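> Sharing a structure, written as structure tokens. Questions coming.
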Amino acid sequence: MDLLNTLVEKGLRREPPTREEALAVLATSDDELLDVVAAAGKVRRQWFGRRVKLNYLINMKSGLCPEDCSYCSQRLGSKAEILKYTWLKPDEASKVAAAGVAGGAKRVCLVASGRGPTDRDIDRVSRTIEAIKEQNEDVEVCACLGLLSEGQGERLRAAGADAYNHNLNTSEATYGDITTTHTYADRVDTVRQARAAGLSACSGLIAGMGESDEDLVDVVFSLRALDPDSVPVNFLIPMEGTPLEREWHLTPQRCLRILAMARFVCPDVEVRLAGGREVHLRTLQPLALHLANSIFLGDYLTSEGQAGQADLDMIADAGFEVEGAGTSTLPEHRGGGCAPCGGDGGGACGGSDASAEAAPAAGEETRTAPADGEKAQAAPSGLRTDLVSVRRRGAGTDLAPNA
């Protein structure tokens, strides 16, 4: 297939595809899917071998957010029956982090709901970072706290933070459809502030919110222009009772094509398989490892993932290996590790979007799926709503975390 040969050649040269080529990847048929995965897999192995980086999320405070992001169960007015708690103490967060590191995580992602941190919040998170690094000196720490104010990135960096996550989520043209309390430009500004502060920048997207192929290509090309080191790809979890509860438009095949497109556009960047993989990829998760070189271990922010040991077994059975703490994640030309070099890592957090869930404000109208031809996918049959499970263990509970 000439298209795939061209994309592989470009990826090995770190050259992006054209928009038309990226759209063509999303338009390939299921009969061509394994060829698409194999081609993108060549690019992934060129820059990352068969290594898989493990990341571990800690929800530092859950729920009660003043923002109205439609994909998030922690949003303003949420009626989702998620865990709600205020800030974890540094020793509590450090204990949860230790479980993730023991399970193989190389990076710990500290996430807090809210518009953005106050100076007091920065102090609190700084103490938590210090507590985590006292126990695990080599672990990478990524913060995901919302919109940054001047000087806050520098303070996090001074406290020992390695990275900062803030996702763009969707295209600029459709951003206002999912959030009204802040703008797309606000998000772009925070990613730039994080990089300017010396933090490794992480920014990604959420697929499955009713966007078109053009929207997906737009946001991935926008991310490439921002040049983060890490691009988490989340798949919406349409939780019952949320504004996006009817947005069940993803199939495993669609998810793989989206990941492949992201790999071709960002060939030498850490592409992280983030929230929703268990719900939408299901038994095809191992194929996604040929496209993404990074995943989250265990649970997400407000939803549960598959068992941590199952993640490790999947990686081993698929012929991949867990990336060790002493191994640089990024290719040498990008600075290796997570030191800033023009872009970073984390779904580094996947951020507060990692579980990609939504919950409505009281009386809010539910969005319905667009008409055929207006958007990329029709709703598939055989929905697996049974795979959506609210997190009831780990941070904010007395139960052991899933790691």
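> Kindly provide the set of residues from region 282-308 that are closer than 21 Å to Leu223 by Cβ and either open to solvent by 10 Å² or more (accessible area, probe 1.4 Å) or without any contact (Cβ under 8 Å) to a residue 60 or more places away in the chain (or both), ordered by number.
Matches in region 282-308: Ala288, His290.
> Quick check, is Gly319 open to solvent by 10 Å² or more (accessible area, probe 1.4 Å), farther than 18 Å from Asn165 by Cα and either part of a loop (DSSP other than H, G, I, E, B) or touching a residue at least 40 places away in the same chain (Cβ under 8 Å) (or both)?
Details: open to solvent by 10 Å² or more (accessible area, probe 1.4 Å): yes; farther than 18 Å from Asn165 by Cα: yes; either part of a loop (DSSP other than H, G, I, E, B) or touching a residue at least 40 places away in the same chain (Cβ under 8 Å) (or both): yes.
Taking the combined requirement at face value, the residue satisfies it.
> Scan region 233-251 and give yes if some residue there is more than 22 Å from Asp177 (Cβ to Cβ) and modelled with pLDDT of 95 or more, otherwise no.
Yes, some residue in region 233-251 is more than 22 Å from Asp177 (Cβ to Cβ) and modelled with pLDDT of 95 or more.
> Select from region 191-244 the residues that are hydroxyl-bearing (Ser, Thr, Tyr) and surrounded by 24 or more Cβ atoms within 10 Å (Cβ to Cβ) and write down the one among them that is farthest from the chain's Cα centre (by Cα). Write out each step before concluding.
Start the filter on region 191-244 by keeping residues that are hydroxyl-bearing (Ser, Thr, Tyr), which leaves 200, 203, 212, 222, 230, 242.
When the remaining residues are screened for being surrounded by 24 or more Cβ atoms within 10 Å (Cβ to Cβ), the result is 200, 203, 230, 242.
On the way: Ser200: 15, Ser203: 8, Ser230: 9, Thr242: 20 Å.
Looking at the filtered set, the residue picked out is Thr242.
> If you check Arg19, Arg13, which single one turns out to be without any contact (Cβ under 8 Å) to a residue 24 or more places away in the chain and of a type in the set (Lys, Arg)? Show your work before the answer.
Details: Arg19 fails: without any contact (Cβ under 8 Å) to a residue 24 or more places away in the chain.
Testing whether each residue is without any contact (Cβ under 8 Å) to a residue 24 or more places away in the chain and of a type in the set (Lys, Arg) leaves just Arg13.
> Can you tell me how many residues in region 63-95 are in contact with a Gly (Cβ under 6 Å, 6 or more places away or on another chain) and either open to solvent by less than 10 Å² (accessible area, probe 1.4 Å) or part of a helix (DSSP H, G or I) (or both)?
Adding up the residues that qualify gives 1.
> With respect to Thr327, determine if the residue is touching a residue at least 60 places away in the same chain (Cβ under 8 Å), surrounded by fewer than 17 Cβ atoms within 10 Å (Cβ to Cβ) and of a type in the set (S, T, N, Q).
Values: touching a residue at least 60 places away in the same chain (Cβ under 8 Å): yes; surrounded by fewer than 17 Cβ atoms within 10 Å (Cβ to Cβ): yes; of a type in the set (S, T, N, Q): yes.
Against the criterion (touching a residue at least 60 places away in the same chain (Cβ under 8 Å), surrounded by fewer than 17 Cβ atoms within 10 Å (Cβ to Cβ) and of a type in the set (S, T, N, Q)), Thr327 qualifies.
> Another question, if that's okay. When the residues of region 120-149 are filtered to those that are in contact with a strand residue (DSSP E or B) (Cβ under 8 Å, 6 or more places away or on another chain), among the aliphatic types (A, V, I, L, M) and outside any helix (DSSP H, G or I), which remaining residue is surrounded by the most Cβ atoms within 10 Å (Cβ to Cβ)?
Ala143
> Here is a check on your reading of the model: is Ala98 farther than 26 Å from Leu205 by Cα and in contact (Cβ under 8 Å) with a residue 24 or more places away in the chain? Steps first, answer last, please.
Details: farther than 26 Å from Leu205 by Cα: yes; in contact (Cβ under 8 Å) with a residue 24 or more places away in the chain: yes.
Against the criterion (farther than 26 Å from Leu205 by Cα and in contact (Cβ under 8 Å) with a residue 24 or more places away in the chain), Ala98 qualifies.
Results for (1) under 30 Å from Gln193 (Cα atoms); (2) at pLDDT 95 or above; (3) part of a loop (DSSP other than H, G, I, E, B), shown as yes or no for each residue.
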{"site": "Ala310", "(1), (2), (3)": "no, yes, no"}
{"site": "Met314", "(1), (2), (3)": "no, yes, no"}
{"site": "Thr329", "(1), (2), (3)": "yes, yes, yes"}
{"site": "Gly343", "(1), (2), (3)": "yes, no, yes"}
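> Residues that are free of Cβ contacts under 8 Å to residues at least 40 places away in the same chain: list the helices (runs of 4 or more DSSP H) wholly contained in region 150-229 that include at least 3 such residues.
On the way: elements: 152-159, 184-196, 213-226.
The qualifying helices (runs of 4 or more DSSP H) are 152-159, 184-196.
The values are calculated or read from the model by the stated rules, or taken from the named source; none is laboratory data. If you're wondering where the values come from, they're calculated on a predicted model, not measured in any experiment. Every residue, glycine among them, receives a Cβ derived from its backbone with ideal geometry; neighbour counts consider all protein chains shown. What goes into the accessible areas is simple: the full protein's heavy atoms, side chains included, and nothing from ligands, DNA or RNA. Shrake-Rupley method; radii C 1.70, N 1.55, O 1.52, S 1.80 Å.
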